[in-house]
Amino acid sequence: MTSNKQKTISPVDGKVYVERPYATQKEVQTALKKAHSAQTEWKLLPVAERARLIGLFVDKLVEMKPRIAEELAWQMGRPIKYGPNEVRGFEERSRYMISIAEESLRDVAVGDKPGFTRYISRDPHGVVFVVAPWNYPYLTSVNAVVPALLAGNVVLLKHSAQTPLVAESYTEAGRKAGLPEGVLDHLHLSHDQVARVIADPAIQYVAFTGSVEGGRSIHRAAADRFIHCGLELGGKDPSFVRADCDLKHAIETLVDGAYYNSGQSCCGIKRVYVHKDVFKPFVDGWVELTKPYKLGNPLDTETTLGPVVRTSAAEAIRAQMESAIAAGAKPLIDESWFPQAKGESPYMAPQALVCEDNKLEFMQEETFGPAAGIMQVSSDDEAIKYMNDNRYGLTASVFTKDLAAAVAIGKRVETGTWFMNRCDYLDPALAWAGVKDSGVGCTLSKVGFEHVTRPKSYHLKTQL
């Protein structure tokens with residue numbers, strides 16, 4: 001029998017942390033009607049007024065930072081010392097999008113023509129349905145929520161069952177900021193309910209972040225309605241360490257990129273291709289930098305590596321690594337260094353496997369945990385071949401002192417974002433997009449506003 005309640009099992013202790021009833025059909029319809037009604041007025045507000053109100057909303061959510069850090073630790077295992085980073089990222093992205101909204105949403109001039117006034121406006125879609133994940137619950141959702149609101153849409157937010165308090169914090173902040181009723185609301189929904197909401201005529205755009213299979217489900221649900229979907233999906237993000245790099249910087253950056261948030265990031269580092277001339281010192285440095293990590297209870301302020309989200313996720317990661325090791329991959333990290341790691345629990349030691357076969361499942365499919373594969377290469381061409389030999393394409397990076405080489409390599413790598421001497425970072429001034437199975441659409445930057453609006457042409461004959 002299907003439960004009518006949503007339960008959040010905390011990875012901290014395996015117990016129910018939050019329990020919420022799923023929205024009833026009446027509650028869903030009421031929320032959709034309120035959103036549709038609110039949007040007719042919201043879209044007519046000047047952009048500057050919408051920006052002012054959204055700025056107040058950001059203020060109110062930022063005030064919740066201490067509470068949010070603790071809630072994230074309980075809901076998804078993020079060490080409490082890192083919780084404030086998520087709120088800082090939320091604020092940075094929000095403030096930037098607010099700062100460019102008026103310019104980005106301005107009518108597009110098409111040139112003078114005697115007797116006519118002509119321009120293209122950027123009209124909001126209407127009601128935007130945001131379906132957000134648990135791993136970076138504020139940083140992923142803000143990419144869609146704030147630009148959509150600025151553009152004159154209203155937002156209905158459905159958050160992961162693992163992080164329901166995030167959705168509630170959004171609406172609480174919106175209410176305190178004085179956003180009109182219906183402009184920003186949330187619903188706790190089952191998977192089947194999500195599909196039915198997408199099929200409702202009130203919804204005009206869907207923004208989803210999650211797995212490839214989840215993206216396919218969203219796409220199928222929207223297929224009959226001819227509405228746009230923004231899909232940010234999986235990643236198996238690679239990095240290339242050239243012989244001319246600053247090796248210390250490369251090691252520090254990539255280890256952090258692989259293990260931060262317990263490796264539960266779609267743009268975290270999962271594949272590292274290292275030039276043979278620096279391979280041994282790179283591997284040695286990786287091991288030494290991994291040893292100081294402290295795996296443990298995320299509510300402990302000394303913890304730097306929390307549990308993965310659930311035991312089943314940890315078991316899937318362990319199975320993937322065991323398969324790679326059976327095929328010849330060599331583990332670099334002695335798990336005895338992390339006594340808190342336990343089988344049949346979400347607490348798992350960080351790991352890196354030296355691999356010789358790029359076709360291993362461990363080098364091809366998502367590994368949503370603190371583990372990365374490292375391979376030796378002998379040239380730029382070999383690194384590029386391996387980096388592109390994958391169905392994902394969210395971000396990729398190179399570590400080198402040669403800017404021209406970085407740009408040249410970047411032109412050949414199939415990715416949505418190309419980094420030099422950094423990784424696992426989102427700059428709100430740049431378009432956030434993926435290629436291949438990493439999704440379609442774009443969020444943030446000036447370009448991101450084009451995806452939460454539609455063009456509307458004004459062709460006005462003024463002389464008769």
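Values quoted throughout were computed directly from the atomic coordinates according to the rules given, and no laboratory measurement underlies them. Computed from a predicted structure; not experimentally measured. So basically every Cβ, Gly included, is an ideal-geometry build from the backbone, and we count neighbours across all protein chains shown.
Looking at the stretch 237-427 alone, DSSP beta bridges between its own residues are antiparallel in about 10 percent of cases.
Distance distribution P(r), the chain, all Cα-Cα pairs, bin width 20 angstrom from 0: 24, 54, 20, 2, 0 percent. Sorted largest first, the principal axis extents computed over the alpha-carbon atoms of the stretch 288-348 equal 39, 29, 14 Å.
Each residue of the stretch 326-335 was assigned a 3J(HN,Hα) from its phi angle through the Karplus curve 6.51 cos²θ - 1.76 cosθ + 1.60 (θ = phi - 60°); the sequence is 4, 8, x, 5, 10, x, 9, 9, 7, 5 Hz, with glycine and proline shown as x. Taking Cβ atoms as reference points and 15 Å as the exclusive limit, the residues near Gln162 contribute a net charge of +2, counting Lys and Arg as +1 and Asp and Glu as -1.
Over the chain, calculate the relative contact order: mean separation of alpha carbon pairs under 8 Å at least 6 apart, over the residue count, as a percent. Relative CO of the chain lands at 19 percent.
Maximal additional length on extending the Lys461-Ser312 stretch stands at 47.2 nm, based on 0.36 nm per residue less the C-alpha distance. Built from the Cα atoms of the stretch 237-427, the convex hull projects on average onto 10.2 nm², one quarter of its surface area. For the chain, the antiparallel share of DSSP beta bridges with both residues in that region comes to about 35%. Summing +1 for each Lys or Arg and -1 for each Asp or Glu among the other residues whose beta-carbon sits under 11 angstrom from that of Asp277 gives +2.
Placing +1 on the Cβ of every Lys and Arg and -1 on the Cβ of every Asp and Glu, with nothing else charged, gives the chain a dipole about its Cα centre of roughly 1340 debye. With a sphere of radius 13 Å drawn around the Cβ of Gln75, what net charge do the other residues whose Cβ falls strictly inside it have (Lys, Arg +1; Asp, Glu -1)? It works out to a net charge of 0. Taking a cut-off of 28 Å between Cα atoms, list the lysines near Lys7, but don't count ones fewer than 8 places away on the same chain. Candidates past the 8-residue exclusion: Lys15, Lys26, Lys33, Lys34, Lys60, Lys65, Lys81, Lys158, Lys176, Lys342. Summed over qualifying helices (DSSP H, 4 residues or more, each -39500 (n - 2.57)) and divided by its residue number, the chain shows a 222 nm mean residue ellipticity of -12000 deg cm²/dmol.
Backbone amide hydrogens, once placed in the peptide plane, bring Ala371 within less than 5 Å of Gln351, excluding anything fewer than 5 places away on its chain.
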